[in-house]
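J.: Provided herewith is a single structure, encoded as structure tokens, for subsequent inquiry.
The values are calculated or read from the model by the stated rules, or taken from the named source; none is laboratory data. Quick caveat: nothing in here was measured; it's all calculated off a predicted structure. Note that each Cβ is placed from the backbone with ideal geometry, even for glycine, and that neighbours are counted across all protein chains shown.
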Amino acid sequence: MRRQWLGIVVPVAMGMVALGCSDATPAPQSPTGTGAVTAAGGGAPLEDDTASVELKAHHRHHHGGFVGFVLAAVETLGVTPEQQAGIDKIKADLKAKVEPIRVANGAVINTIADGVGSGTLDQAKLDAAIAGVTAAAGQVHAATADALNQLHDLLRPEQRVSLVDKVEAHFSIWKDSNAGDQATDNAKSDGHIAHLAKEVGLSDDQVTKVRAALTALPPPSRGPFDPAAAEAHMKAFGTAFVADKFDAKTLTTADSANTKVTTWGAARMVRFYQALTPVLTADQRAKISAKLREHANEP
């Protein structure tokens, strides 16, 4: 399934949300760069438009690490017909190599869906599923290094710069959706709980209770999200990829960044549904459980 608003093509699948539409389109900028992420062709920041809701919802449920962001960036890079066959082959290779993360992340979502549907989340099963995400994420960089090298060699210098900008933009959206304090984020009018309130008909009282439950949850055992490892990898990848010579195997920051981003995202997703589930009606639990399984089964 593909969705498009304001020139932003959004294939709804893990690691396949795309920003921009061609080489001629100004690349989105991230807060780690020179400004807010913008819609293709400029205009208002993404956080102000409809696409932002879909992008954030996607990044709340799909945690594929930095190769997922690369796949998203490649999707709308704007390559020439001569490049397309090579790009298609590289994308297919990358998708195959990140499949273990997609499957592991789907296992987390399905376990959450089971718990939401029954009214009780099984922490032991959730912990085991999150551990599966961590293990898969720790192996993805080595598995995809050759394909990343091939991608670098196939792209022109300006396309490499554009890809890095798009990867940074996706990381920025992921961070905005996952890295902040959960209770604070969900107190916002555009937070996850506000979106669900419209989607499944949560009452004002239910919204208040969920926000209170998020506030009352003990802090994550791993502490607040520390972006240092992810941002170090983002910088290392960007600097290396735009250079004339590139070897992904030299990026020693990759494994730590991938495991931290994917593990944190999966665990944060679990915490949200732990706070949400007790206040839901049976009908709401069934609706949300079904939506979660749709996320889990996205290719």
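J.: With respect to Asp88, determine if the residue is of a type in the set (D, E, K, R), more than 14 Å from Glu298 (Cβ to Cβ) and touching a Gly at 6+ places or on another chain (Cβ under 8 Å).
T.: Working: of a type in the set (D, E, K, R): yes; more than 14 Å from Glu298 (Cβ to Cβ): yes; touching a Gly at 6+ places or on another chain (Cβ under 8 Å): no.
In short, no.
J.: Kindly list the number of the only condition in (1) over 23 Å from Val207 (Cα atoms); (2) without any contact (Cβ under 8 Å) to a residue 60 or more places away in the chain; (3) in a helix (DSSP H, G or I) that fails for Asp283.
T.: The single condition Asp283 does not satisfy is (1).
J.: When segment 275-299 is examined, which residues are found to be of a type in the set (S, T, N, Q), more than 27 Å from Val98 (Cβ to Cβ) and either in contact with a Leu (Cβ under 8 Å, 6 or more places away or on another chain) or at pLDDT below 90 (or both)? Even if it seems obvious, please write down each step before you answer.
T.: Just the residues of segment 275-299 that are of a type in the set (S, T, N, Q), to begin with: 277, 281, 284, 289, 297.
Next cut, more than 27 Å from Val98 (Cβ to Cβ) only: 277, 281, 284.
Thr277, Gln284 - these are the residues of segment 275-299 that are of a type in the set (S, T, N, Q), more than 27 Å from Val98 (Cβ to Cβ) and either in contact with a Leu (Cβ under 8 Å, 6 or more places away or on another chain) or at pLDDT below 90 (or both).
J.: Within segment 166-192, how many residues turn out to be more than 21 Å from Thr262 (Cα to Cα) and within 18 Å of the chain's Cα centre (by Cα)?
T.: 1
J.: Residue check: is Val98 modelled with pLDDT of 95 or more and either among the β-branched types (Val, Ile, Thr) or within 21 Å of Asn178 (Cα to Cα) (or both)? I'd like the intermediate steps shown before the answer.
T.: Values: modelled with pLDDT of 95 or more: no; either among the β-branched types (Val, Ile, Thr) or within 21 Å of Asn178 (Cα to Cα) (or both): yes.
Criteria not met by Val98.
J.: When you go through Lys260, Lys249 one by one, which is the residue that is modelled with pLDDT of 95 or more, of a type in the set (Lys, Arg) and either surrounded by 17 or more Cβ atoms within 10 Å (Cβ to Cβ) or closer than 26 Å to His170 by Cβ (or both)?
T.: Lys249
J.: Filter segment 212-241 down to the residues that are of a type outside the set (S, T, N, Q) and more than 23 Å from the chain's Cα centre (by Cα), then identify the one that is surrounded by the fewest Cβ atoms within 10 Å (Cβ to Cβ). Before you say what the answer is, go through the steps one by one.
T.: Step one: list which residues in segment 212-241 are of a type outside the set (S, T, N, Q), which gives 212-214, 216-220, 222-238, 240-241.
Subset that is more than 23 Å from the chain's Cα centre (by Cα): 212-213, 216-218.
Details: Ala212: 12, Ala213: 19, Ala216: 9, Leu217: 13, Pro218: 6.
Here the residue is Pro218.
J.: Scan Asp165, Asp153, Asp146 and give me the residue that is farther than 12 Å from Val242 by Cα and of a type outside the set (Gly, Ala, Ser). Don't jump to the end; show me each part of the working.
T.: Numbers: Asp165 fails: farther than 12 Å from Val242 by Cα; Asp153 fails: farther than 12 Å from Val242 by Cα.
After ruling out the rest, the residue left standing is Asp146.
J.: Sticking with this one: Kindly provide the set of residues from segment 181-199 that are surrounded by 17 or more Cβ atoms within 10 Å (Cβ to Cβ) and among the β-branched types (Val, Ile, Thr), ordered by number.
T.: Result: Ile193, single match.
J.: Considering (1) assigned to a helix (DSSP H, G or I); (2) surrounded by 17 or more Cβ atoms within 10 Å (Cβ to Cβ); (3) not acidic (Asp, Glu), say which one Leu202 fails and leave the rest.
T.: Condition not satisfied by Leu202: (1).
J.: Failed condition for His63, given (1) part of a helix (DSSP H, G or I); (2) under 26 Å from Lys291 (Cα atoms), with all others met?
T.: (1)
J.: Which number in (1) surrounded by fewer than 19 Cβ atoms within 10 Å (Cβ to Cβ); (2) in contact (Cβ under 8 Å) with a residue 40 or more places away in the chain marks the one condition that Tyr273 misses?
T.: Going through (1) surrounded by fewer than 19 Cβ atoms within 10 Å (Cβ to Cβ); (2) in contact (Cβ under 8 Å) with a residue 40 or more places away in the chain one by one, Tyr273 breaks only (1).
J.: From Ala232, Ala212, Ala243, which residue is assigned to a helix (DSSP H, G or I), free of Cβ contacts under 8 Å to residues at least 12 places away in the same chain and either in contact with a strand residue (DSSP E or B) (Cβ under 7 Å, 6 or more places away or on another chain) or of a type in the set (A, V, I, L, M) (or both)? Step through it out loud before you land on a result.
T.: Numbers: Ala232 fails: free of Cβ contacts under 8 Å to residues at least 12 places away in the same chain; Ala243 fails: assigned to a helix (DSSP H, G or I).
After applying the criteria, what remains is Ala212.
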